[in-house]
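To keep things clear, I will list the structure first and then write my remarks on it.
Computed from the coordinates by the stated procedures, all read-outs in this text should not be read as laboratory data. The structure displayed is predicted, hence computed values, not measured ones. Cβ placement follows ideal geometry from the backbone for every residue including glycine, while neighbour counts extend to all protein chains displayed.
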2 protein chains.
Amino acid sequence: MEGPPCSRFLWLLKMSVLISGLGIVLFMFRSVSLRAEFSSLTSGLPRPAMAVRMRNLLPEERLRNLFTYDGIWLFPKNQCKCEVTKEHGYNFQDAYSQSDLPAVNARRQAEFEHFQRREGLPRPAPLLAQPNLPFGYPVHGVEVMPLHTVPIPGLQFEGPEAPTYEVTLTASLGTLNTLADVSDSVVQGRGQKQLTISTSDRKLLNFILQHVTYTSTVYQNHGVDVVSLESESSVAKFPVTIRHPVIPKLYDPGPERKLRDLVTVATKTFLRPHKLMTMLRSLREYYPDLTVIVADDSKEHLKINDSHVEYYAMPFGKGWFAGRNLAISQVTTKYVLWVDDDFFFNNKTKIEVLVDVLEKTELDVVGGSVLGNVFQFKLLLEQSKNGDCLHRKPGFFQPVDGFPSCVVTSGVVNFFLAHTERLQRVGFDPRLHRVAHSEFFIDGLGSLLVGSCPEVIIGHQSHVPVVDPELASLEKTYSTFRANTNAEVQFKLALHYFKNHLQCST
Amino acid sequence: MEGPPCSRFLWLLKMSVLISGLGIVLFMFRSVSLRAEFSSLTSGLPRPAMAVRMRNLLPEERLRNLFTYDGIWLFPKNQCKCEVTKEHGYNFQDAYSQSDLPAVNARRQAEFEHFQRREGLPRPAPLLAQPNLPFGYPVHGVEVMPLHTVPIPGLQFEGPEAPTYEVTLTASLGTLNTLADVSDSVVQGRGQKQLTISTSDRKLLNFILQHVTYTSTVYQNHGVDVVSLESESSVAKFPVTIRHPVIPKLYDPGPERKLRDLVTVATKTFLRPHKLMTMLRSLREYYPDLTVIVADDSKEHLKINDSHVEYYAMPFGKGWFAGRNLAISQVTTKYVLWVDDDFFFNNKTKIEVLVDVLEKTELDVVGGSVLGNVFQFKLLLEQSKNGDCLHRKPGFFQPVDGFPSCVVTSGVVNFFLAHTERLQRVGFDPRLHRVAHSEFFIDGLGSLLVGSCPEVIIGHQSHVPVVDPELASLEKTYSTFRANTNAEVQFKLALHYFKNHLQCST
């Protein structure tokens, strides 16, 4: 931390930036532009305001106390940073050589911008209403499907009496009209981007305003049009959101709501058929007819004598997440239960309890416990132009409504039930070939709401080496493939840097 | 169409409903509630307004002309319907027997509501601002990440002079505070859902308001808090959107931006290895090193002697979309090119042209042409409580910016390049076992922006039966699996009814 005077100055810079409400999208500022930011906020304050404000803002320390969650200051800043130590945290760009970095950063920035364009990001700065506007209008929530027409509710004019009134509406992504049956001398520009109403009859004006419509004229999946409503010196602006609803993908649980019509078990195996078969046998003791999808990238393919097992043979050594992604791609039930091939079902492995949680909540994923290990972790993101900072903390955010023994968190152990459609939306990145886990939950940030219910427990097969020489040699080969090589570790860090646009983690 | 008097009445019902701005979410209305809707809109109009309005609305015929796109009236109605004839269109519920339908509808409604809860739907009704409010406030666009704090920009009070001012802010999903360093007698409720400012110093009031902050206190991926700003009889309300950004999943095209680092070819084959091998040979003439992913659900598995081909063996006859979904689940490049196993690459099959289009636009998918067949179709959705109406029209919406020979549409031929991550988000539904195509584009509604560039052409292998008896018998078996049985057709209609929550199509 810099010395007091300097830090005080930086602090003011920060404040002025964040007060502008653009903290996370405004960078590389020069003090000139800053002063502009600043003064734009002082309107309504007297000249000595600057001094006044500086006196009157809470000290940084106080703000840190007020707005810190779990040790992290979750307050918009112009940039974030991670306290990285030898033991803890990563600066992801270290995965690249200094000489490659400039070119990598250029590619990363270009890909990030392409991604943002397609997502309609960054969103426009907040739209501010001035006081004492003579208009009624919709502040928020008017939505129209592409190429559709909607009435704009709540438009009215309540300005001072005048001999004649002229009100102009302007749109940019669509056209305006009114359902009112009045002459073209009163309403001009029907079906165009600018609609002008001129009349001496105030009631007629309001009648026309109450029946104004917006028509989307460009086919797009998401966009926001800012419509302005103007009379003399007064201007009101409001958003019309153009959005095509995402079509549902529902699953029919069937008339009897059997578990097998709701849940598919998915797993991935590699060079340890004995573990897989043990897991399957333990599953069958409790759930004889659930469909199981097995993805296998071993050399020798298996013949599994079970009519409810679907077996997929992959090219040799395609890897962990490729197999997981293959397995979930084949699920045809509402829910999918992920298990590792070396787990062991017992009488505490109550799938129906996890189903009940997902059925009665808005959670997308709910984890159980593997021999008491719930592996709950929270992921907290701080945004920054050159890459976000990701903070990982053990534990959970809050209990799940209606399920006091379950909690909301960001990541769980590798035994979980998920909404198939949501899991497929995020997917397991086939670029991750070896040991990987939290990578999936990081990819799910913003897409998956994750819960954890520790009382649903699955067992784990013993790590005692097998005696059978053939299996033993398989296990030996397996272990050589399991662990991440140094190169693989670097690759994973590079993925976080490039793919997830992260800067660092703690 | 009903007779004039009746239709006029229905028409008024419709209008009053749609004018309420809730057209698509308000149903089963009783005229009582209707009158309420109605009068809620007449505020500011004199009593005889009713009569006035009825006289002054444009006739339905006129509105149909104004707001019809491609023959469909895209205007919110309380319900939609399809003109279904023997040759054209479907009422999807016909896929179920009358006796099953009540139970099916109950399940469908329950699943739909669960889906909506998880998506945060239906969204709240539009928020309306009253005229002449003494407040400045953000109309739209204030966003906060879960558990983070943001300053609320643009808050100010410009009401009449008074000895003392009291302004109260109220939130429901989070807490409020101010960065201003003032005593607890002036600001009450710091860090709570209700913040009250009382002072005789108007400048201080505005200074405090300019520094109000909102803190999200519940972890959720999406939500909207309506914050109210109140002084005496004036109340302003504005939304604070709680949203966790979706983390990017970017692909590194590599320093040289080679095509093989950008594009993977994906295909699915079944019982016709000769077609597959012919397609692969034609591909290799032009693109020797592109990775190809082959999903095969034939009985006999192939050995393909090509180091850039990845071969996946599926259980026999898993079907079309299961295979497609498997293939795309394994892609590790930014783009994936879909081709059928009986296509034929030629010198007009310029993959790099399709890449250029996706690189320079916001399209998610861009199709080419198969022997001149572009198969462009538009999908237009009308929403309705008991299931939406889907209208399919040939052609396109508009040209693609910057690519005059390409167009924006909803569906294309089965030869297209797509953003891998977007394609995986939508996926191919493994429940569709046989001939299926537009089902994918329907599942993509609201998720995929689709384009079509006819000048990129791929060939199709001849339909002349093979001479080789073995292959001939394979092709025979193939054809018995290809066509949809009557049951399969019913199943597809049922999927649209239940899964997509559609009512009918034209």
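Shielding of peptide B:203-213 by partners, expressed as the average count of other chain Cβ atoms within 10 Å per residue Cβ, is 4. With coordinates expressed along the principal axes, the C-alpha atoms belonging to chain B extend over 99, 66, 45 Å, beginning with the largest. The protection proxy used here, the mean number of other Cβ atoms lying within 10 Å of each residue, ranks peptides A:325-336, A:248-259 as follows, highest first: A:325-336, A:248-259.
Per the Debye calculation on region B:144-288 with a single equal scatterer at every Cα and no solvent contribution, log₁₀ I(q)/I(0) for q = 0.20 Å⁻¹ amounts to -1.15. With contacts taken as Cα pairs under 8 Å at a separation of at least 6 residues, chain B carries a relative contact order of 15 percent.
For region A:360-449, what is the convex hull volume of its Cα atoms per residue in Å³?
120
With the alpha-carbon atoms of region B:232-306 aligned to their principal axes, the span from lowest to highest coordinate is 81, 37, 16 Å, starting with the largest. Each residue in A:405, B:369 was given a count of other beta-carbon atoms within 10 angstrom of its own, and listing them fewest first yields A:405, B:369. Helical content of the protein assembly as shown, expressed as a calculated mean residue ellipticity at 222 nm, amounts to -8500 deg cm²/dmol (DSSP H runs of 4 or more residues, -39,500 (n - 2.57) each, divided by residue number, nearest 500).
What base-10 log of the normalised intensity I(q)/I(0) is obtained for region B:145-217 from the Debye formula, alpha carbons as equal point scatterers, at q = 0.25 Å⁻¹? Those come out to -1.15, one per q.
Looking at region B:178-299 only, what percent of DSSP beta bridges run antiparallel? Nearest 5 please. Don't skip to the answer; put the middle values down first.
Details: 13 of 19 bridges.
Just about 70 percent of them are antiparallel.
Nearest-5 percent of antiparallel DSSP beta bridges in the protein assembly as shown?
On the way: 127 of 179 bridges.
Among the beta bridges of the protein assembly as shown, antiparallel pairing accounts for roughly 70 percent.
The shape of region A:243-379 can be summarised by an equivalent ellipsoid whose semi-axes, obtained from the alpha carbon gyration tensor, come to 25, 19, 17 Å from longest to shortest. Each peptide in B:230-238, B:480-488, B:429-437 gets a packing score, the mean of other Cβ atoms within 10 Å over its residues, and the list from highest to lowest is B:429-437, B:230-238, B:480-488.
Our Cα-only numbers for region A:56-106 put the radius of gyration and Dmax at 16.2, 47 Å. All distinct Cα pairs of region B:206-254 go into the 1/r average, and the inverse of that average, the Kirkwood radius, is 14.2 Å.
Counting DSSP beta bridges in chain B, what percent are antiparallel, to the nearest 5?
Details: 59 of 85 bridges.
Antiparallel: roughly 70 percent of the beta bridges in chain B.
Do you know the relative contact order of region A:239-368, to the nearest whole percent, from alpha carbon pairs under 8 angstrom that are 6+ apart?
Numbers: 169 pairs, mean separation 40.0, N = 130.
Computed over region A:239-368, the figure is 31 percent.
Of the Cα atoms belonging to region B:71-226, the radius of gyration and Dmax stand at 24.5, 77 Å.
Report, to one decimal in Å, the Kirkwood hydrodynamic radius for region B:269-311 based on all distinct Cα pairs.
Working: mean 1/r = 0.0927 Å⁻¹.
It is 10.8 Å.
Computed over the Cα atoms of the protein assembly as shown, what is the ratio Rg over Rh, Rh following Kirkwood? Walk me through the intermediate numbers first.
Values: Rg = 30.4 Å, Rh = 31.2 Å.
Radius of gyration over Kirkwood radius for the protein assembly as shown works out to 0.98.
Based on alpha-carbon positions alone, could you give the equivalent ellipsoid semi-axes of region B:310-405 from the gyration tensor, as √(5λ), descending, whole Å? Write down the numbers at each step before the final one.
Details: eigenvalues 137, 110, 42 Å².
Values for region B:310-405, descending: 26, 23, 15 Å.
Rounded to the nearest 20, the size of the Cβ-charge dipole of region A:77-183 about its Cα centre is 480 debye, with Lys and Arg at +1 and Asp and Glu at -1.
Dividing the radius of gyration of the alpha carbons in region B:370-506 by their Kirkwood radius gives 1.02 for Rg/Rh.
Could you tell me the center-to-center distance, by alpha carbons, between region A:385-448 and region A:75-100 in angstrom? Rounded to whole Å, the Cα centres lie 22 Å apart.
Peptide B:324-332 is shielded by partner chain Cβ atoms: per residue, an average of 6 of them sit within 10 Å of its Cβ.
Which whole number gives the average count of other chain Cβ atoms within 10 Å of the Cβ atoms across peptide B:444-452? Numbers along the way, then the final one.
Values: counts 3, 5, 10, 5, 2, 6, 2, 0, 0.
Counting other chains' Cβ atoms within 10 Å and averaging over B:444-452 gives 4.
Order A:83-91, B:340-348, A:491-499, B:463-471 from most to least packed using the mean count of other Cβ atoms within 10 Å.
Values: A:83-91: 11.6, B:340-348: 17.4, A:491-499: 21.1, B:463-471: 9.8.
The densest-packed peptide leads the list: A:491-499, B:340-348, A:83-91, B:463-471.
Computed over region B:218-304, relative contact order equals 23 percent, with contacts defined as Cα pairs under 8 Å that lie 6+ residues apart.
Of B:439, B:455, how do they rank once you tally other Cβ atoms within 10 Å and put the fewest first?
Working: B:439 21, B:455 13.
Placing the least packed residue first, the sequence is B:455, B:439.
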